[in-house]
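Student: Structure below; questions to follow.
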Amino acid sequence: MEGKINIPRGTYDILPQQSYKWHWLKDQFHLLANKYGFQEIVTPIFEAYQLFERGVGKDTDIIEKEMYRFVDRKGRSLALRPEGTASVVRSYIENHMHKDGNLTKLYYLGPMFRYDRPQKGRYRQFYQYGIELLGSKSPYYDAEVISFADHFLRNLGLKKYRLELNSIGCADCSPNYDKALIEYYQGYKPQLCNDCLKRIDSNPKRLLDCKVENCKTISHKAPSMIDYLDDDCRQDFESVCKFLDQMNVSYTVNPRIVRGLDYYNKTAFEFINTGLKTQNALLGGGRYDTLVSMLGGPDTPAIGLAGGFERLIDAMEAENLFMGSYPKPTLYFITVGEEAKNSCAKICSLFRKNDINVEFDFERNSSIKAQLKSAVKANADYALIMGEDEAHQNTINLKNLNTSEQRVISLTEIPENITELLF
Ligand code: AMP
């Protein structure tokens, strides 16, 4: 006998005790996204590797260390998607969505894959929800996307979170800031982690993003991007803040929010779970005005966000919030003897065809008392009890498990609408 096979590291099963919560959360997201005028897009779980290399950026952790990359039987280089935006933009270009000249508002839900060191809140397969708004550079939409996120979290009942906002400038003003950062960090080189040493040359803003304690402390006194914004970026940043005020969304400006991916410019934001110290980013996003053209499409400004379901569920559990309810049967069949079971097959099927949730364990041979206990445990509304006597008389006992009322139903004449028997 060969040994048992375990689940891959960094992944998890969603068991029935949890899966109903996922259903409920997905429904909440679908509903609100539709309310804001976003339509669902579903893209493949794997894409050409180059899409992410070009879209996410070569010098990012995702590309350097975290990709699930593979070659298919025909030698194509493919990758499991590490995030959703690059795929959405690929599809936007490929399906000529810019053609009608209108805004394109899309949302997605699905698994993403990153080969990272697993810990609570960080998995190798995780489930993201996201929205993307393409076709406008107006800061109004930055605020709209951010206020959508705030609305979503608030709808779920979450209270322990904070919005952190920054602008990371544009291709014109950001190089000056990079220079200032490089200068600042020169003196700290001996104290930086190896990754940060590399980042000084390749992607200095990422120095602000490092999670190593020492590097974090050094970043506190680093120059702030806000002081380096050019007029256009500054005005846009001020407008985003103004619209957020109008929308009654509170925020704090955090000049260290840079986001890990290359494609961002101007607005960058994160919603932070204030109840946690690590893996506390509930969701994040920002503007990416150059990504569409970088991937071969027309110049199209855009803004979006993405968040993970796992961290959302953890946050909701920590705040004891409602996430739908475990599905329960309306009717629970209790049978004793073969004859009773066989007689119940028909009526059970009729109830199900009339949309009534039924639990019927054909293998069960225990006492009526034991089965009644199971019916109560399953939270059923009614028990339908057929022992040997009832089977002979062609009747069944209906017991209302909430009121304990009981009555005998004759099965010789089942009404056309079988649900009448219940109410
Ligand atoms: P990112 O694309 O890295 O900005 O991530 C956006 C959001 O996705 C984060 O705020 C998390 O909620 C979630 N997320 C990212 N990476 C992981 C991961 N490895 N495991 C679980 N959730 C993740």
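The values are calculated or read from the model by the stated rules, or taken from the named source; none is laboratory data. Everything quoted here is computed from the prediction, not taken from an experiment. Cβ atoms come from the backbone with ideal geometry, glycine included; neighbour counts cover every protein chain shown. For accessibility, only protein heavy atoms count, side chains too; no ligands or nucleic acids. Shrake-Rupley method; radii C 1.70, N 1.55, O 1.52, S 1.80 Å.
Student: Taking a quarter of the surface of the Cα convex hull of the stretch 352-423, what do you get in nm²?
Tutor: About 5.2 nm², averaged over all directions.
Student: May I pose another question? Based on DSSP H runs of at least 4 residues, each adding -39500 (n - 2.57), what is the mean residue ellipticity at 222 nm of the chain after dividing by all its residues, to the nearest 500 deg cm²/dmol?
Tutor: Computed mean residue ellipticity for the chain: -10500 deg cm²/dmol.
Student: In addition: Give me the Kirkwood hydrodynamic radius of the chain, using the inverse of the mean 1/r over all pairs of distinct Cα atoms, in Å to one decimal.
Tutor: 25.2 Å is the Kirkwood radius here.
Student: Report the convex hull volume per residue for the stretch 214-260, counting only C-alpha atoms, in Å³.
Tutor: Taking the convex hull of the Cα positions in the stretch 214-260, it is 95 Å³ per residue.
Student: Which percent of the accessible area of the chain is formed by carbon and sulfur heavy atoms (probe 1.4 angstrom)?
Tutor: With neighbouring chains kept in place, the figure for the chain is 48 percent.
Student: Name the residue from Ile409, Ile93, Ala48 whose Cα lies farthest towards the positive end of the charge dipole of the chain, charges +1 on Cβ of Lys and Arg and -1 on Cβ of Asp and Glu.
Tutor: Final value for the positive-end residue is Ala48.
Student: For the stretch 58-133, just the Cα atoms, rotate onto the principal axes and tell me the three extents in Å, largest first.
Tutor: 43, 36, 23
Student: Pull out a ≥ b ≥ c, the square roots of the eigenvalues of the alpha-carbon gyration tensor of the stretch 1-100, then state rounded if a/c is under 1.5, prolate if not and a/b is larger than b/c, and oblate in the remaining case.
Tutor: Taking the square roots of the gyration eigenvalues as a ≥ b ≥ c, the stretch 1-100 is oblate.
Student: A further question follows. Over 5 Å intervals from 0, what percent of Cα-Cα pairs in the stretch 179-313 sits in each interval?
Tutor: 2, 8, 16, 20, 19, 18, 12, 5, 1, 0
Student: With the other protein chains left in place, how much accessible area per residue, in square angstrom, belongs to the chain at a 1.4 angstrom probe?
Tutor: Here the residues of the chain average 52 Å² of exposed surface.
Student: Hey, got the dipole for the stretch 82-179? About the Cα centre, +1 on K and R Cβ, -1 on D and E Cβ, debye to the nearest 20?
Tutor: Taking the Cα centre of the stretch 82-179 as origin, the dipole is about 580 debye.
Student: Follow-up. Can you give the translational diffusion coefficient of the stretch 139-192 in µm²/s, computed by Stokes-Einstein from the Kirkwood radius over Cα pairs at 37 °C and 0.692 mPa s?
Tutor: My calculation gives 226 µm²/s for D.
Student: Now for a separate question. Report, in debye and to the nearest 20, how large the dipole of the stretch 1-96 comes out about its Cα centre when Lys and Arg carry +1 and Asp and Glu carry -1 on their Cβ.
Tutor: Computed about the Cα centre, the dipole is about 160 debye.
Student: Quick one: what are the phi-derived ³J(HN,Hα) couplings along the stretch 111-120, Karplus 6.51/-1.76/1.60 with θ = phi - 60°, whole Hz, x for glycine and proline?
Tutor: Per residue, the Karplus-derived 3J(HN,Hα) values read x, 10, 9, 9, 7, 10, 6, x, 7, 4 Hz.
Student: Ignoring GluC sites (Glu not before Pro) that are buried or in helix or strand per DSSP, and keeping those with at most 16 other beta carbon atoms within 10 Å, what is the longest stretch of the chain between them?
Tutor: 3-318
Student: Based on the alpha-carbon gyration tensor of the stretch 253-306, what equivalent-ellipsoid semi-axes (square roots of 5 times the eigenvalues) come out, in whole Å, largest first?
Tutor: Its equivalent ellipsoid spans semi-axes of 26, 10, 8 Å.
Student: Moving on. Among Phe322, Tyr36, Pro118, which residue has its Cα positioned farthest towards the positive end of the charge dipole of the chain, with +1 placed on the Cβ of Lys and Arg, -1 on the Cβ of Asp and Glu, and the dipole taken about the Cα centre?
Tutor: The one lying farthest along the dipole's positive direction is Pro118.
Student: Give the calculated FRET efficiency between Arg352 and Asn6 to the nearest 0.05, with a Förster radius of 30 Å applied to their Cβ-Cβ distance.
Tutor: About 0.25, to the nearest 0.05.
Student: Measuring from centroid to centroid over Cα atoms, what is the spacing of the stretch 1-80 and the stretch 128-186 in Å?
Tutor: If we compute the Cα centre of each part, the gap is 23 Å.
Student: Further question: Quick check: Cα centre of the stretch 191-213 to Cα centre of the stretch 304-365, how many Å?
Tutor: 51 Å
Student: Check the stretch 191-271 and count each lysine pair with an alpha-carbon distance under 17 angstrom, considering only pairs eight or more places apart or from different chains.
Tutor: Eligible lysine pairs with Cα atoms under 17 Å apart amount to 7.
Student: Looking at the square roots a ≥ b ≥ c of the eigenvalues of the Cα gyration tensor of the stretch 1-58, which shape do they give, rounded for a/c under 1.5, prolate if a/b is larger than b/c, or oblate?
Tutor: oblate
Student: Follow-up. Treat every Asp and Glu Cβ in the chain as -1 and every Lys and Arg Cβ as +1, leave all other atoms uncharged, and give the resulting dipole magnitude about the Cα centre to the nearest 20 debye.
Tutor: Computed charge dipole of the chain: roughly 1120 debye.
Student: So for the stretch 64-181, what percent of the C-alpha to C-alpha distances run longer than 20 Å?
Tutor: For the stretch 64-181, the fraction of Cα-Cα distances above 20 Å is 64 percent.
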